[in-house]
Amino acid sequence: MRLLVLGVDAQGRSCIVDRREDLGFDTIPGIPGTTIARLFGTSESPPKCGAPGEGKRAADNPAAGLISWYVINHEPYGPGEKETAATELHYRNVLEMIYFIDGGGDLLLGDGAHPVKAGDCIVMGGTSHGLRPGPQGCKLMAFAIGGAPTA
């Protein structure tokens, strides 16, 4: 299991700004045999989303501070297949936390393609991204919090 936090580089391209291969599980005091890894937290609500980088804004955004929790099943994607809305760079004004349940593929960012697989966790705040599922497809669970209004 690893954590990828997305953001924008100095050239304005979406990219991975933090990568943790070791999630640092700690014992929960008073609960023997149970550990916890804190993946991400916010200091304000609604959260502020960063600059999106390149890409087009998707229309399905929960209102500021509201929560949406969902599972997405991406069909397999083969070489030479036509690009879809999922593979094109897009962003939402949300803080999105994603967990890959099954399968994998390529996370498409402004700085290129990054392989992702079951067990990976991704955090992005309004960051432009796309996903090209692999030959097995992929299933992911995501939790989104509507971001603060942008100008």
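Return the residue satisfying two criteria in turn: it lies in the range 56-81 and is over 13 Å from Ile145 (Cβ atoms) and either within 15 Å of the chain's Cα centre (by Cα) or assigned to a strand (DSSP E or B) (or both), and of such residues it is modelled with the lowest pLDDT.
Per the criteria, the residue is Ala58.
Here Thr127 meets the list (1) closer than 20 Å to Pro149 by Cα; (2) surrounded by fewer than 13 Cβ atoms within 10 Å (Cβ to Cβ); (3) among the hydroxyl-bearing types (Ser, Thr, Tyr) almost entirely, failing just condition (2).
Checking the structure you have, find out if any residue of the range 90-100 is surrounded by 12 or more Cβ atoms within 10 Å (Cβ to Cβ), touching a residue at least 24 places away in the same chain (Cβ under 8 Å) and among the charged types (D, E, K, R).
So in the range 90-100, the residues surrounded by 12 or more Cβ atoms within 10 Å (Cβ to Cβ) come out as 90-100.
Right, trim to touching a residue at least 24 places away in the same chain (Cβ under 8 Å) and you get 90-100.
Keeping just the survivors that are among the charged types (D, E, K, R) gives 92, 96.
The answer is yes, given that some residue of the range 90-100 is surrounded by 12 or more Cβ atoms within 10 Å (Cβ to Cβ), touching a residue at least 24 places away in the same chain (Cβ under 8 Å) and among the charged types (D, E, K, R).
When each of Pro52, Pro29 is tested for being part of a loop (DSSP other than H, G, I, E, B) and at pLDDT below 90, the lone residue that passes is Pro52. Would you point out the residue of the range 105-114, among those that are surrounded by fewer than 21 Cβ atoms within 10 Å (Cβ to Cβ) and within 13 Å of the chain's Cα centre (by Cα), that is nearest to Ile16 (Cα to Cα)? Once the filter is applied, the top-ranked residue is His114.
The values are calculated or read from the model by the stated rules, or taken from the named source; none is laboratory data. Here the structure is a predicted model, which is why all the values come from computation and not from measurement. We place every Cβ from the backbone using ideal geometry, glycine too, and count neighbours over all the protein chains shown.
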